[in-house]
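None of the figures in this text is laboratory data; all of them are computed from the coordinates on show. Being a predicted model, the structure only gives us computed values, none of them experimental. When we count neighbours, we look across all protein chains shown, and the Cβ atoms used for this are built from the backbone with ideal geometry, even at glycine.
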Amino acid sequence: MGHARTTVRIAVLGIALEEAAAAAWRTRIESEIAGVGVSLLDLTPILEGGTPHQLDAEIVVLVAGSDAALAQRALDRALQSVEAFANDAHSFASARVVAVSDALAGPGRRGRGSIVDAFTTEAAERDLIAYLRGVVACVSGLREARRELTLLGRVVDSMRGELEERNEELQLAALVQRDFLPLPVPPLHGVRVASFYRPLAGVSGDVYHLEQLDEDRISIFLADAVGHGIPAALLGMAVCRSLETIDRTHGTARLLGPAETISRANRRLAESQRATTRFATAIAGVLDCRTRRLRITTAGHPAAILLRPGEAPRPIECEGGLLGIFPDEPYEEIELELHPNDRVLFYSDGFEQAFSENGSARHVEEFGTLSGILDAEQFIEEITARVDAQSGSLHQADDLTLLCLSIGELSELRLAA
């Protein structure tokens, strides 16, 4: 890596009949201004059709005489030379160009990348050295600022590339996670299940599992890993993939109840903890679609909500601690009988923030306003529309998952039988 330059580079340009004046200005600038390196160049060959120089200078002094046409051509060529070097990766984006010419006098001329000030010959004798001293004093700071901006631009470009790569990986991880979500459970004895799933950022800490266990029963499981993003998604998937709904020991198969399913998942998570403690909330249920009896267990998770026509929404409360804390945590299991047109909602706590007012959760009330929608798919469509209508829905605060079980009329049960 080269060392930073400590001198300010000034190029004095002369044209035909102005060589002596240009040389005199070079000598004077070198002798009267400290900390500068001054070069002298003849523009005459360029004016006669030669290729413009690439001027590696921060200040250019053009001594152009009094012939207006010749002076303007010289200025145009000088600007071309400055701008040609500005395209070099190690150059400065602009240079200060000063013209000493009775034909060009006047401030504020501007080339594509350079600012031009013009002095008459008389004004230059009086003011040019002081003017150049002021410009030189600013150049060192400007040079350092440009160098830092260049380095910052490289850092930003590198970070942008890394962020784009991470985003692509995150999107791929989201696709993989969605591939692991369960397929829809077909209607069974008039019972239908529909799902709403919306991650906070690509991947989700919410995971769920739906499974038809036998000819009459289905299993429902929803877990919410603490945290967000990839760590929560990995934990949630690990919990979900380790689920046991059927015990197959000793060559026989035995259906597990929700409390036993939750207990086994808790024990596995607690016993696998290493340097960091990771935990999750969960809710599990087993529904006998023929008898319409539902068994539920929760592990620190929001209670399922029972929607029954003509009644207020009712939380289905039961006791149980978080998954992954104590391996021998006891879990309560409750059982209730469902009626035709009942709906049971299993949801993650993101809904508490999605539907809130002045810091108070109103999601249960929001669910209650939809109690007249009996079909599970229609319920999910309406709740999706309402989530989208919330202020801040484009920047949701948490992962959102909701499973809706709808219980059909008894005639559907007899028809299925």
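What are the semi-axes of the equivalent ellipsoid of the chain, taken as the square roots of 5 times the eigenvalues of the Cα gyration tensor, listed largest first and rounded to whole Å?
Sorted largest first and rounded, they come to 82, 22, 18 Å.
Hey, if you put +1 on the Cβ of every Lys and Arg and -1 on every Asp and Glu Cβ in the chain, which of Phe367, Ile230, Pro315 ends up farthest toward the positive end of that dipole?
Toward the positive end, the furthest listed residue is Ile230.
Output ³J(HN,Hα) for the stretch 198-207: one whole-Hz value per residue in order, computed from phi by the Karplus curve 6.51 cos²θ - 1.76 cosθ + 1.60 with θ = phi - 60°, and x for Gly and Pro.
9, x, 5, 8, x, 9, 10, x, 8, 9
If we count every other residue with Cβ under 14 angstrom of Glu19's Cβ, Lys/Arg +1 and Asp/Glu -1, where does the sum land?
Here the charged neighbours net out to -1.
Suppose only helical runs count, i.e. DSSP H with n ≥ 4. What mean residue ellipticity at 222 nm does that imply for the chain under -39500 (n - 2.57) per run, divided by all residues and rounded to the nearest 500 deg cm²/dmol?
That comes out to -12500 deg cm²/dmol.
Measure off 7 Å from each Cα along the Cα-to-Cβ vector at Leu172 and Met159, then give the distance between these two points in nanometres to one decimal.
2.4
Within the chain, which complete DSSP H helices have Cα atoms spanning at least 30 Å along the helix axis and a mean Kyte-Doolittle hydropathy of -1.0 or higher?
121-180
Over the chain, with a Gaussian network built from C-alpha contacts below 10 Å, which listed residue (Ser204, Ser66, Ser348) shows the highest mean-square fluctuation?
Comparing Ser204, Ser66, Ser348 in a Gaussian network model of the chain, the most mobile one is Ser66.
Dipole of the chain (Lys/Arg Cβ +1, Asp/Glu Cβ -1, origin at the Cα centre): which of Ala71, Ile246, Ala23 lies farthest to the positive side?
Going by the Cα projections, it comes out as Ala23.
Let me check I've understood the local charge: for Gly320, count other residues with C-beta under 10 angstrom from its C-beta, Lys and Arg +1, Asp and Glu -1. What total comes out?
Result for the local shell: -4.
For the chain, set up a GNM with springs between Cα atoms under 10 Å and report which of Gln171, Gln72, Gln212 has the largest fluctuation.
So, out of Gln171, Gln72, Gln212, the one fluctuating most is Gln72.
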